[in-house]
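Step one of this worksheet: look at the structure below.
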Amino acid sequence: MYEGAIQDLVDELGRLPGIGPKSAQRLTFHLLAQEEDEVQSLINALQAVKRLVKTCEVCGNVTETEVCSICSDPRRDQGVICVVEAAQDIQALERTRVFRGRYHVLGGAIDPLSGIGPDQLRIRQLYSRLSDSGITEVILATNPTIEGEATATYIARLLAPLEVTVSRLASGLPVGGDLEYADEVTLGRALEGRRQV
């Protein structure tokens, strides 16, 4: 344990996701070794992101404008919406360069143990988007966790009466993976989701 400002910074950095006590300590001492202008640049970037970044009025993605660049892009397929849990998921899907539709960010997943139900997510906004426009397909791209599966099931049931195709991302084996190391659920889903070649 350190004292004063050093320990305060270690504690604050340790509250960040994915940063444990050792990483927080390393980051603290890295910042101590930096020139003041470099640390000030980090401070300015943190302040700017809190001041400038908001959520897109349409999809819930992070943006500095009222409507994000994806929602405002006329080249995107307006008939397909991919539903994700968090804005970071959009970037993962965009890196594939395969999906050319639009997105909808839920802001999490249904998790009763943490007190998160459908009303705490952006499910109502998704339903509104579907009733107001010519959406033909909704792709459920929630995480393959218990909470993500529960969220996908809930949304699929909610959308069943609408005239919209509801699909789920396929799940299976990673490229370059070995069968012997795959867990039973992943291997089972790979078998169930097999396709003809």
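The values are calculated or read from the model by the stated rules, or taken from the named source; none is laboratory data. Just so it is clear, the structure is predicted and the values come from calculations on it, not from any experiment. A quick note on method: Cβ atoms are made from the backbone with ideal geometry, for glycine too, and the neighbour counts reach across all protein chains shown.
Just one of the listed residues (76, 51) is without any contact (Cβ under 8 Å) to a residue 60 or more places away in the chain, closer than 23 Å to residue 164 by Cβ, out of contact with any helix residue (DSSP H, G or I) (no Cβ under 9 Å at 6 or more places or on another chain) and surrounded by fewer than 17 Cβ atoms within 10 Å (Cβ to Cβ), namely 76.
Scanning segment 31-42 for residues that are assigned to a helix (DSSP H, G or I) and either exposed (fewer than 10 other Cβ atoms within 10 Å of the Cβ) or touching a residue at least 24 places away in the same chain (Cβ under 8 Å) (or both) gives 32, 33, 36, 37.
Among the residues of segment 128-179, those identified as polar (S, T, N, Q) and either under 16 Å from the mean Cα position of the chain (by Cα) or at positive phi (or both) are 142, 143, 145, 151. Would you please name the residue that is surrounded by the fewest Cβ atoms within 10 Å (Cβ to Cβ), looking only at residues in segment 80-98 that are assigned to a loop (DSSP other than H, G, I, E, B) and modelled with pLDDT of 95 or more? It comes out as 86.
Taking the conditions (1) within 19 Å of residue 84 (Cβ to Cβ); (2) modelled with pLDDT of 80 or more; (3) surrounded by fewer than 17 Cβ atoms within 10 Å (Cβ to Cβ) in turn, residue 161 satisfies each one other than (1). Consider segment 172-197 and keep the residues that are outside any loop (DSSP other than H, G, I, E, B) and out of contact with any Leu (no Cβ under 8 Å at 6 or more places or on another chain). The one that is nearest to residue 96 (Cα to Cα) is 189. If you go through segment 103-137 and pick out every residue that is hydroxyl-bearing (Ser, Thr, Tyr) and either crowded, with 16+ Cβ neighbours inside 10 Å or in a loop (DSSP other than H, G, I, E, B) (or both), you end up with 3. For segment 16-38, the count of residues that are under 21 Å from the mean Cα position of the chain (by Cα), more than 24 Å from residue 120 (Cβ to Cβ) and not small (Gly, Ala, Ser) is nonzero.
Filtering segment 164-176 to residues that are under 30 Å from residue 81 (Cβ atoms) and not hydrophobic (A, V, I, L, M, F, W, C) leaves 165, 167, 168, 171, 172, 174.
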